[in-house]
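Chemist: A single structure is presented below for examination.
What follows draws every value from the coordinates through simple rules; no lab data is involved. Only a predicted model underlies this, so the values are computations on that prediction, with no experimental measurement involved. Reconstructed Cβ throughout: ideal geometry from the backbone, glycine too, with neighbour counts over all protein chains shown.
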Amino acid sequence: MKTDRSWRAAEVAQVALAAVLALAGMALALLPHAWIEERFGLELDGGSGVLEFLPVVVLVACAAVLAVRVVRGRRAAGGVVAAD
């Protein structure tokens, strides 16, 4: 069985990973519209920009999933999530 300290360490790791993923998604969102075409010389989306938006969505979605896991885990454990 996990101790309180190991649960806390796992929570901190998940929150840190969620923050890194969210920041990476935001950094990719700031790149020029056609950065994949410019970098690799491929125009797989016909210049629409969908291909450049896909990694942003994936990274931010993963960050959100990790954040929700931490919140649900704390609620299940009876911990305080936010001040009311």
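Chemist: Taking the Cβ of LEU54 as the centre, find all other residues whose Cβ is under 14 Å away and add up their charges (Lys, Arg: +1; Asp, Glu: -1).
Modeler: Charge balance near LEU54 sits at -3.
Chemist: Rank GLY49, HIS33, GLN14 by how far each Cα sits towards the positive end of the charge dipole of the chain (+1 on Lys, Arg Cβ; -1 on Asp, Glu Cβ) and give me just the farthest.
Modeler: GLN14
Chemist: Pulled fully out, how much extra length does the chain show between LEU17 and ARG39, if you take 0.36 nm times their separation in residues and subtract their Cα-Cα distance?
Modeler: Result for the pair: 5.2 nm of gain on full extension.
Chemist: Residue by residue through segment 50-60, which ³J(HN,Hα) values in whole Hz follow from phi under the Karplus form 6.51 cos²θ - 1.76 cosθ + 1.60 (θ = phi - 60°), with glycine and proline marked x?
Modeler: My calculation for segment 50-60 gives 5, 5, 6, 7, 4, x, 4, 4, 5, 5, 5 Hz in order.
Chemist: Considering the zone a paramagnetic label at ASP4 would reach in this model (a point 7 Å from Cα along the Cα-to-Cβ line), which residues of segment 46-72 have amide N under 19 Å from it?
Modeler: It comes to 71, nothing else.
Chemist: Let me ask something additional. Give me the angle, in degrees from 0 to 90, between the Cα long axis of helix 4-29 and the longest principal axis of the Cα atoms of the chain, rounded to the nearest 10.
Modeler: The angle comes out near 20 degrees.
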